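See below for the structure under consideration.
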Amino acid sequence: MRYREKKETARIEHCEKCGSTATKNNIYFLKGEYVKVYVECADCGAFVARYTLRGYTSNRTYESLLRNLRSSRFNSGKRTMKAVELFGKDVEEQFQHVRDIIREDEDQRRMEEIIEEDFREEL
């Protein structure tokens with residue numbers, strides 16, 4: 001496996017039971033807690049994984065950024081508009097970058113192995 005400059009890797013989530021990559025996210029909200037996402041296999045219905053969200057960006061990057069900016073103040077409308085433009089561009093570029101990594105050199109290890117072996121100390 002080829003490691004990139006920042007020691008990054010990427011993988012598509014697979015169902016351990018049937019191998020499918022078709023999944024659906026069941027999102028759980030509990031006041032005062034981080035949002036939890038329970039991933040279910042869309043083909044066989046098996047539990048695949050659980051994630052805890054600390055942030056969320058939808059395909060409506062403008063709305064996502066505005067929610068993130070609630071606690072921040074900008075000096076001008078121009079500065080705010082520049083932040084909005086950059087945020088949307090950054091999200092799309094990151095999405096494409098991850099897809100490129102997967103297409104070129106998808107990590108074949110299980111998710112738990114990737115996290116434990118390469119990224120545990122950063123969490």
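What are the aspartates and glutamates whose alpha-carbon lies under 20 Å from the alpha-carbon of LYS24, with same-chain residues fewer than 8 places away excluded?
GLU13, GLU16, GLU40, ASP43, GLU112
Quick one: ranking ILE27, ILE102 by accessible area, 1.4 Å probe, largest first, what do you get? Don't skip to the answer; put the middle values down first.
On the way: ILE27 85, ILE102 35 Å².
Output order, biggest surface exposure first: ILE27, ILE102.
What length, rounded to one decimal in nm, is gained on full extension from TYR51 through to ASN25, with 0.36 nm per residue of separation minus their alpha-carbon distance?
Values: separation 26, 0.36 × 26 = 9.36 nm, distance 0.98 nm.
Here the answer is 8.4 nm.
Could you name the lysines in cross-link range of LYS78, using Cα to Cα under 29 Å and dropping any fewer than eight places away on the same chain?
Within the straight-line limit of under 29 Å, LYS78 reaches these lysines: LYS89.
Quickly work out the GLU113-to-LYS17 label distance, labels modelled 7 Å from Cα along the C-beta direction, and quote it in nm with one decimal.
So the two model labels end up 2.3 nm from each other.
Could you sort ARG109, ARG99 by accessible area so the largest value comes first, with the probe set to 1.4 Å?
From most exposed to least exposed: ARG99, ARG109.
Give me the accessible area of VAL91, 1.4 Å probe, in Å² rounded to the nearest 10.
Counting only protein heavy atoms, VAL91 exposes about 40 Å² to solvent.
For a quick check of understanding: with a 1.4 angstrom probe and all protein chains in place, what accessible area in square angstrom does PHE95 have, to the nearest ten?
So the heavy atoms of PHE95 present about 110 Å² to solvent.
Quick one: accessible surface of HIS97, probe radius 1.4 Å, all protein chains present, in square angstrom to the nearest 10.
80
The values are calculated or read from the model by the stated rules, or taken from the named source; none is laboratory data. This structure is a prediction, so every number in the text was calculated from the model and none was measured. No Cβ is skipped: glycine too gets one built from the backbone with ideal geometry, and neighbour counts run over all protein chains shown. Accessible surface areas use protein heavy atoms only, side chains included; no ligands, DNA or RNA. Shrake-Rupley method; radii C 1.70, N 1.55, O 1.52, S 1.80 Å.
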